[in-house]
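Below: one structure, written as structure tokens.
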Amino acid sequence: MIVVEDVSFSYHLPTGDEVPTLKGLSLEIGDSGSLAVIGPNGSGKSTLARCLNGLIVPRSGRVLVDGLDTADLENKWPVHQRAGMIFQNPDNQLVSTTVEREVAFGLENLGLPSPEIHDRVAWALSRFNLEKYRQYPPHRLSGGEKQRLAIAAVASMRPRYLVCDEPTSSLDPGDRRDILDLLLAIVEEYRLSVVFITQSPEEAVRMDRIALVVDGDVAAEGTPEEVYRETDRLAAHGLDAPLAKRLADALRTRGVAVPDGIVLPKPLVQWLTVRASESPRASESPRAPESPIAPEPPSVLESPGAPEPPSTPPIIAFERVCHTYSPGTSLEIPALRDVTTRVFPGECVALTGPNGSGKSTMIQHLNRLLKADSGTVRVEGADVTSPKTDLQKLRQKVGLVFQFPEAQLFEETVFDDVAFGPRQTGFAASEIPDLVNRALEQVGLDPGRFSHRHPLSLSGGEKRRAAIAGILAMEPSVLALDEPTSGLDPQSVRQVEAIFMACKAKGTTLFLITHDMDLIAHLADRILVMEDGGIAADTTPVRLFAREAGVDARQCGRPGAPGQPGRPGLCDLLAAACEAGIPVDPACFDLEEAADMIRACVFNGNGVNGNDHSSPGESHSC
């Protein structure tokens, strides 16, 4: 058992100030089972995780791991053996030259016999789908592949406790579900205990218990049903309940008596199916949604559902672009294969697809961080591969936010980091403070609280917002973002989404890599689906999420399971309802509209409590 007793911790700033992070927090973690830790960005979750395995020692209070005090230097090694740590950014824990050596590294440090090390390495590479990368250097992997490697390396050591700090935040939808399934299976198989820090209520609800951490202390603890019952308290801290709970609540406001305690999609769909069979409509033959037949694969620029190209010239144009890492060596990795597409001024184009499909490689060609092996990349008509290209002007036009924001945070204070770009691109010194303060306010970081902070003292979500602020301060015409909502709490996601909406309204072109299908549904005009270094489809959110674009779930991030992940959770829930015989439209992105549609389809528009909240003339297409 891990016992956290009245723990407090503060970070020291270069200015001499302290930032209190944990404030008298107490918690008990059992020998087996799963605990989700949720809470807003900056609430102390990652600091708590580092306390649990002795990476940091509390300023006051104590942490006992199987009775061993983490503050005792003699206990460091046995504590680390018992409590394995998986970080949010895998680059923080990858140390070896090949994937195989990375998995073996921890096992060798445990002093295991060579045959057992061999068996465990083979097990980890197989279970985490890394066999084909056995001899690859870890730094050549995609962000999601690195995360799978980091998890595999720790899981192979089979510690008694797995402390996971948002380990799935950079994974595609299919990998997120696969990794979570695998972690929970390992916990069950080896009778481990897992502490799973997450911003996803859909992940948290799968754990045995949940601890809500707010402002450095535990604000609530209990089963998922108990913690998510208090939706007002969650909302006060900028957090969301699981989708099924929110939809159930929306139905209750419409007079539908959904039972309390429903927090997962399957029980909600089952209950609705039973009620639909009892409804007068049950005697009618429900019209199942049509299953469109996928057309013959079109050329990329003529993919089904793609909007008609505007008459204005494109702001970005890729023409048959190819890029290969380490060409001519045994580590050769073709990353882009004949990529051709155009992006027009003011568009928001989302780039999605499985981890390792070439998305990050593609956007790094926009400001020539990478140079095409063949083909051309044009920005505002200029060939960025030309030696005559003014890179300073190009990089002012095209602002790029990396997948891991700490890769671009390097100044001593947040203010100086945000100010760095404007200072290098010709803004007057008198303009800098206003540009910095405005950019910080745009991303929800109070200049009074954050300007003097060291960037690396921020939480993962705060670092991401600071990195976005540093790009916004330069007022680019193209904003390219690699997983901008990864690691953000729901309130911060909404803030970032509002920022992007405002950028679109001003005419900024957005090029957005994301696995957040809800963000795509709310923001994107077009979606480019990448697979194996090429563009598999160029379509619209509605057609993609309704599976009308000739694109299966494999291309959206999950092999072999069409119709499950790779689209917004609401679409998946509605698709499950369709499969159960409830004739709803699965291509619905708004929860309130979905509640109206379900009520109309299942209950003939009449609340089961006898309350009809329909407006005059209201109708629903079922």
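The values are calculated or read from the model by the stated rules, or taken from the named source; none is laboratory data. On a predicted model such as this, the values are computed, not experimentally measured, just so you know. No Cβ is skipped: glycine too gets one built from the backbone with ideal geometry, and neighbour counts run over all protein chains shown.
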G346 fails exactly one of the following numbered conditions: (1) in contact with a helix residue (DSSP H, G or I) (Cβ under 9 Å, 6 or more places away or on another chain); (2) modelled with pLDDT of 95 or more; (3) under 16 Å from G381 (Cα atoms); (4) not basic (K, R). What is the number of that condition?
(2)
Would you please name the residue that is nearest to F415 (Cα to Cα), looking only at residues in region 6-28 that are at pLDDT 90 or above and of a type in the set (G, A, S)?
S10
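Name the strands (runs of 3 or more DSSP E) wholly within region 325-426 that hold at least 1 residues that are among the charged types (D, E, K, R) and over 30 Å from H452 (Cα atoms)?
In region 325-426, 333-343, 374-379 are the strands (runs of 3 or more DSSP E) which contain 1 or more residues that are among the charged types (D, E, K, R) and over 30 Å from H452 (Cα atoms).
Considering each of S193, S200 in turn, give the residue that is of a type in the set (S, T, N, Q), assigned by TED's automatic domain parsing to the domain that holds I117, under 25 Å from D31 (Cβ atoms) and surrounded by fewer than 24 Cβ atoms within 10 Å (Cβ to Cβ).
Of S193, S200, the one residue that is of a type in the set (S, T, N, Q), assigned by TED's automatic domain parsing to the domain that holds I117, under 25 Å from D31 (Cβ atoms) and surrounded by fewer than 24 Cβ atoms within 10 Å (Cβ to Cβ) is S193.
Looking at region 439-458 only, could you name the residues that are surrounded by fewer than 21 Cβ atoms within 10 Å (Cβ to Cβ) and either in a loop (DSSP other than H, G, I, E, B) or free of Cβ contacts under 8 Å to residues at least 24 places away in the same chain (or both)?
Of everything in region 439-458, those that are surrounded by fewer than 21 Cβ atoms within 10 Å (Cβ to Cβ) and either in a loop (DSSP other than H, G, I, E, B) or free of Cβ contacts under 8 Å to residues at least 24 places away in the same chain (or both) turn out to be E441, D446, G448, R449, S451, H452, H454.
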Out of region 96-149, which residues are aliphatic (A, V, I, L, M), assigned to a loop (DSSP other than H, G, I, E, B) and farther than 14 Å from L331 by Cβ?
L110, L112, L130
Can you tell me which residue within region 69-95, out of those that are part of a loop (DSSP other than H, G, I, E, B) and modelled with pLDDT of 90 or more, is surrounded by the most Cβ atoms within 10 Å (Cβ to Cβ)?
T70
Residue check, D31 farther than 23 Å from N109 by Cβ, at pLDDT below 90 and touching a Ser or Thr at 6+ places or on another chain (Cβ under 9 Å):
yes
If you take the residues in region 459-482 that are assigned to a helix (DSSP H, G or I) and under 24 Å from P354 (Cβ atoms), which one is modelled with the highest pLDDT?
R464
Within region 572-591, restricting to residues that are part of a loop (DSSP other than H, G, I, E, B) and among the hydrophobic types (A, V, I, L, M, F, W, C), the one that is modelled with the lowest pLDDT is A587
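Looking only at region 392-402, decide whether some residue is within 26 Å of G346 (Cβ to Cβ), in the same structural domain as F511 (by TED's automatic domain parsing), among the charged types (D, E, K, R) and in contact (Cβ under 8 Å) with a residue 60 or more places away in the chain. Give the derivation first.
Narrowing region 392-402 to residues within 26 Å of G346 (Cβ to Cβ): 392-402.
Still in the running and in the same structural domain as F511 (by TED's automatic domain parsing): 392-402.
This time we only want the ones that are among the charged types (D, E, K, R), so: 393, 395, 397.
So of that shortlist, the ones also in contact (Cβ under 8 Å) with a residue 60 or more places away in the chain come out as 397.
Yes, region 392-402 contains at least one residue that is within 26 Å of G346 (Cβ to Cβ), in the same structural domain as F511 (by TED's automatic domain parsing), among the charged types (D, E, K, R) and in contact (Cβ under 8 Å) with a residue 60 or more places away in the chain.
What number of residues in region 326-335 are at pLDDT 90 or above and within 30 Å of the chain's Cα centre (by Cα)?
Residues in region 326-335 being at pLDDT 90 or above and within 30 Å of the chain's Cα centre (by Cα): 2 in total.
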The listed residue being of a type in the set (S, T, Y), in contact with a Lys or Arg (Cβ under 7 Å, 6 or more places away or on another chain) and more than 25 Å from S126 (Cβ to Cβ), out of Y228, Y190, Y161:
Y228
Scan (1) among the aliphatic types (A, V, I, L, M); (2) out of contact with any Cys (no Cβ under 8 Å at 6 or more places or on another chain); (3) part of a strand (DSSP E or B) for the single condition L22 breaks and write down its number.
(2)
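Condition check ((1) touching a strand residue (DSSP E or B) at 6+ places or on another chain (Cβ under 8 Å); (2) buried (at least 21 other Cβ atoms within 10 Å of the Cβ); (3) in a helix (DSSP H, G or I)) across all residues:
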residue: V154; (1), (2), (3): yes, yes, yes
residue: I179; (1), (2), (3): no, yes, yes
residue: E189; (1), (2), (3): no, no, yes
residue: R233; (1), (2), (3): yes, no, yes
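May I ask you to say which residue of E462, E475 is surrounded by 16 or more Cβ atoms within 10 Å (Cβ to Cβ), within 24 Å of the chain's Cα centre (by Cα) and closer than 22 Å to A502 by Cβ?
Values: E475 fails: within 24 Å of the chain's Cα centre (by Cα).
After ruling out the rest, the residue left standing is E462.
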Under 21 Å from the mean Cα position of the chain (by Cα), modelled with pLDDT under 90 and closer than 20 Å to L35 by Cα: is that true of T198 in this structure?
no
Hey, among the residues in region 11-36 that are in contact with a Lys or Arg (Cβ under 8 Å, 6 or more places away or on another chain) and buried (at least 17 other Cβ atoms within 10 Å of the Cβ), which one's farthest from P58 (Cα to Cα)?
S34
Pick out the one residue from E221, E230 that is out of contact with any Cys (no Cβ under 6 Å at 6 or more places or on another chain) and at pLDDT below 90.
E230
Here is a check on your reading of the model: is E5 among the charged types (D, E, K, R), part of a strand (DSSP E or B) and either surrounded by fewer than 21 Cβ atoms within 10 Å (Cβ to Cβ) or without any contact (Cβ under 8 Å) to a residue 12 or more places away in the chain (or both)?
yes
